[in-house]
Structure formats: C-alpha cells, structure tokens
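Novice: I am attaching a structure below and will ask some questions about it afterwards.
Read the figures in this text as sums done on the coordinates, not as results from a lab. These figures come from a predicted structure and were not determined experimentally. For neighbour counting, all protein chains shown are included, and Cβ atoms are generated from backbone atoms with ideal geometry for every residue, glycine included.
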Amino acid sequence: MVDLPEKFEAFVTKHALFGKKNKLLVAVSGGIDSVVLCYLLHDLHYDFAIAHCNFGLRGQSSDEDETFVKNLAQSLNTPYYTETFDTLQHASREGVSTQMAARDLRYAWFEQLRKTAHYDYLLTAHHANDLLETSLFNFTKGTSIAGLRSIRRKHKEIVRPLSFARKEDIHDYARHYQLVWREDSSNESNKYHRNKIRNIVIPELKKINPALEKTFLHNQERFESLELLLKAKAKKILKKFYSTSPEGVELLGMSWFDVKNGGFVILEDILRPYGFNIDQCRAIIVALRSSIPGKRFTSDQAVLVVDRDQLVITPIEEPELPALQATITMDQKELVVGEERYTFAYRETPLEISRESKLAYLDADLLSYPLKARYWQEGDRFVPLGMKSQKKVSDFMIDEKIPVNLKTRVVLFESNQDIIWISGMRIDDRYKITKNTKRVFIITQERNV
C-alpha cells in the first residue's frame, strides 16, 4: 500500500488521535510494524521519540534488537530511550506468565517515561490484524462486548494509529521503500495461543472471507456503539436503583431487570467490578425469582445476598492498613504508599494541563509545607473542584461510586489541614490553577512496579 501515508494521515485526523504540535513517544520493538510507524511519522513531520524495551528473553537476539532500534533512531535523527528488564524474575515474583510480565513491565515504564520526559501520547504499532486476533482470542475464552470490540484506537494517552491498516498493507509499504526490520522467530511458534489464531485460524477464516480484516473493522464500530449503549444503560440503572446504607452496605434494587431487554449483560456489567461473572449473574436471577431470601453468592471481592427484590452487596473487608501519616517537604521527589508511587514536580506557567485523574495540578504558591499524606477518615471535608462549598469526602466517594472496601485505601494530601487532593479523583477548588498562578505543583500517581 504505497498510499499508506495518506490513509494514515486521514485516519489520525478523522479520529483526532494527535497533532503536529504534540510530542509523541513511540514503542518500537524493531519489528516491521513499529519500524513502518516510525518512518510514517518521520516522513509526515511529526515530533516523536523512540522507546525500546529489552526483556532479555532471547539472549543475543534481544541485544541485537536493541542495537537495531538505537541505529534506527539515529538514522531518523530522533531521541532514543531504552530499558532492560529481568522479565523472568518479575514473572516469578508476581506469579504471572512471561508474556503478561513483559506487558506489565513495558507499559509501566512507557507511562513513567512519557510523564517524566513530557510526551503527550504513547504510540504503539497495533494494526487491524492485531485487533482481529485479540477479538477472536477473547471470543474463544469468553468475553464481554468490550472484549469483542478489542483494542481501542485511543485510550487515554495510548494511541494505535495503525489500527486501520492490514498486515499486508504494512508489508507492501516496507517492501516498496526497501525498509529493514528485525524478525521475531517467536511469532512463528504455535505454542502460544495468539500465534495459533494468527497462523492457523485466521488463514482458514480468510478462505471464507478474503476481506476478513475490513469486515472486522466494520464490526468493531458496531461493538463500540453497543458498548456505549450498555454503559449508558447501566449508569442510568445505578443512578435510579443503587444506594448505600448508613453501615456501608450497598443495595441494588432489581425491579428494572428484564431478560428480554438485555438484563443479564447489564447486570454482568454492573456486578463485574465486584468480581461476579455471567454464570453467577444467571444464578442470582434464578434465586431472585425463586423468592427464597438469603441466597448467598461470593467472589474474591464481595459477598452478595439476594433479599426479596434487591441485592445486598458487602465488599469483603481487606486486612487493616497500617497507619499513614507521611510528611512531604518542598524538595521531596516521591512518596511510596503500598502499591502506589506519588512523584512531585514543579512547573512554571503556562503549561498544558492533562485531564488524567491520576495527575493533580495545584497552585504551588498557595501551599504550606510540609504537606501531609494520609488515608481517608470519617468526617473529612473538602471543596471539590468546580464547587464553592465544602462536601464530606464520604459523600463525594458515594457519588463517585467508590466501592466501600476501597474507601479506606484512598490517600488524601493536605496543606495546613486543608485537603488539597483526593488521590486519583479530585483536587480542592481553593488550590486550583488560575490566571494568576505562576508556579504549578504536580502530583503524579502511578503503580509502584
């Protein structure tokens, strides 16, 4: 596909993925997909840098991949970042597969690098075939509408600008311009489920429908629309039928349920955050219709009891957290709380503000040091951004649908006994950035990997 640049530019523009003024960080393995993505960005004059992960899983080949990507960055005259990981050790420590360990490590590093080096978006080279493989894999394992929809073209700061392109289009472009790339021999091994789908299943399906990728992209649009409808319906039901008792027990009235109007998938979407699956949802409805109160269901996260015409949900109590009463000095760079790391930085105005909930932008000159960090306590109040009067933090978290078992884990930041930020949610309106702000204090929340 020699016209790949034109289609790339049109796709980026149509979906407002990013612009020429944005700073882009590109995940580059050295394979054909990421190499083509780099050349497209270079030839179309985007501002980008290259980031490469060496997972140390293929010995000398991994080191040769790193050298190749470094040389690619030099040839394109673009900044280059690299990181080496002990992937097997991480997989063993976390009890996950090697592939999952590599995924966790790379995305954690990419996000940390993106923030610290001030890139607007992370770009990956996922293409239409990747999306199709993911959808088929999810379908085979059992999935929701979101799983059938597959990988999003844009999710927060992660962008997949090649989502529209078929693998063969990428190959045509690379061959036409005589590009060089690295081959990963593990892609040919059918011991991985994804590779079986890629190498065996999809070729058979394409005998039935040669335009399989194009058909899937059309289906993906349908799945996206269905997902939005489902989320909107679930949100509307929660607003009307969900409540919390004074003791913190969550109640869901069930008079809305109608199997003919998609009741099962709506209930599954509502109960998924509590760890319940579709089979349990069916059993819950059977118990509800049998009019035998007290039927109990459990997941790793909650206990659900059927009580006449409602569901009573009690999140499972986690072990009591150790006391947190940390002080933060003006020159402190970070604070680690359990599985979360908070980093601190100062910037001069003007600056671009991200709406990412894990970032807090505060007027630095309004703060009194040392700042404090602690867990939420009953009776806490603050002025939510956009409001003018105080509100109980407990009421705010109810409005935000924060599960009861997570409330005690919420970290609050204080200045002179004022709550300035409920981590991951909302800053206090009194400390927001205004036209008079000269210095900005930025708190970034991320996983402590």
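Novice: So if we plug the beta-carbon distance of His218 and Arg296 into 1/(1 + (r/R0)^6) with R0 = 30 Å, what FRET efficiency do we get, rounded to 0.05?
Specialist: The formula returns an efficiency of 0.10 here.
Novice: For Thr244 and Arg272, calculate 0.36 nm times their separation in residues minus their Cα-Cα distance, and state this gained length in nm to one decimal.
Specialist: 8.3 nm
Novice: How would you rank Glu446, Glu213, going from fewest to most other Cβ atoms within 10 Å of each one's own Cβ?
Specialist: The most exposed by this proxy come first: Glu446, Glu213.
Novice: Turning to a different aspect of this structure: Going by how many other Cβ atoms sit within 10 Å of their own, how do Val410, Val303 line up, fewest first?
Specialist: Val303, Val410
Novice: About its Cα centre, what dipole magnitude does segment 15-135 give when the only charges are +1 on Lys and Arg Cβ and -1 on Asp and Glu Cβ, stated in debye to the nearest 20?
Specialist: 380
Novice: Ok, one more. With each label point set 7 Å from Cα along the Cα-Cβ vector, what nm distance links Leu324 and Lys207?
Specialist: Here the modelled spin labels are 5.7 nm apart.
Novice: Obtain the nm distance between the two label points defined at Arg308 and Arg374 by a simple spin-label model: each point lies 7 Å from its Cα along the Cα-to-C-beta direction.
Specialist: My value for the distance between the label points is 4.1 nm.
Novice: Let me ask something else about it. Once percent of Cα pairs over 31 Å apart is worked out from the coordinates, which option in (i) 54; (ii) 43; (iii) 37 does it equal?
Specialist: Matching the structure shown: (i).
Novice: Among the aspartates and glutamates, select those whose C-alpha is under 15 Å from the C-alpha of Lys156, and discard any that sit fewer than 8 residues away in the same chain.
Specialist: Here the aspartates and glutamates satisfying the reach criterion relative to Lys156 are Glu111, Asp120, Glu356, Glu446.
Novice: So, one more: In nm, what is the difference between 0.36 nm times the number of residues separating Phe264 and Thr408 and their Cα-Cα distance?
Specialist: Here the segment from Phe264 to Thr408 would lengthen by 48.7 nm.
Novice: Here are some pairs, Lys358/Lys432; Lys14/Lys435; Lys115/Lys333; Lys233/Lys388; Lys20/Lys115; which of them have Cα atoms lying more than 23 Å apart in this structure?
Specialist: Lys14/Lys435; Lys233/Lys388
Novice: Give me the dipole magnitude in Debye, nearest 20, for the chain about the Cα centre, with unit charges on the beta carbon: positive for Lys and Arg, negative for Asp and Glu.
Specialist: In total the dipole reaches around 1260 debye.
Novice: Same structure, new question: For Lys239, give me every one of the lysines with a C-alpha distance below 23 angstrom, ignoring sequence neighbours fewer than eight places off in its own chain.
Specialist: Lys231, Lys260, Lys391, Lys392, Lys401, Lys407
Novice: Along Cα→Cβ, 7 Å out, is where each label goes; now give me the distance between the ones at Leu385 and Leu57 in nm to one decimal.
Specialist: Modelled inter-label distance: 3.7 nm.
Novice: To continue, here is another question. Mind jotting down the distance between the C-alpha centroids of segment 207-229 and segment 348-381, whole Å?
Specialist: A separation of 42 Å, based on Cα centres.
Novice: Oh, and also: In which sequence would Ser290, Ser150 go, from the one with the fewest C-beta neighbours within 10 Å to the one with the most?
Specialist: Ser290, Ser150
Novice: Pick out which of Asn199, Asn138, Asn54 has the largest mean-square fluctuation in a Gaussian network model of the chain, springs linking Cα atoms closer than 10 Å.
Specialist: Asn199
Novice: Set Lys and Arg Cβ to +1 and Asp and Glu Cβ to -1, take the dipole of segment 111-180 about its Cα centre, and tell me which of His176, His127, Ser144 lies farthest positive.
Specialist: It is Ser144, whose Cα lies furthest towards the positive end.
Novice: Something else about it: If you take the beta carbon distance between Thr13 and Leu226 as r and set R0 to 25 Å, what does 1/(1 + (r/R0)^6) give as a FRET efficiency, to the nearest 0.05?
Specialist: 0.45
Novice: Cross-link candidates for Lys207: which lysines have Cα within less than 29 Å, leaving aside residues fewer than 8 places away along the same chain?
Specialist: Partners within reach: Lys7, Lys141, Lys167, Lys191, Lys196.
Novice: Comparing Gln301, Gln89, Gln112, which has the greatest mean-square fluctuation in the GNM of the chain with Cα pairs linked when under 10 Å apart?
Specialist: Highest fluctuation of the listed residues: Gln89.
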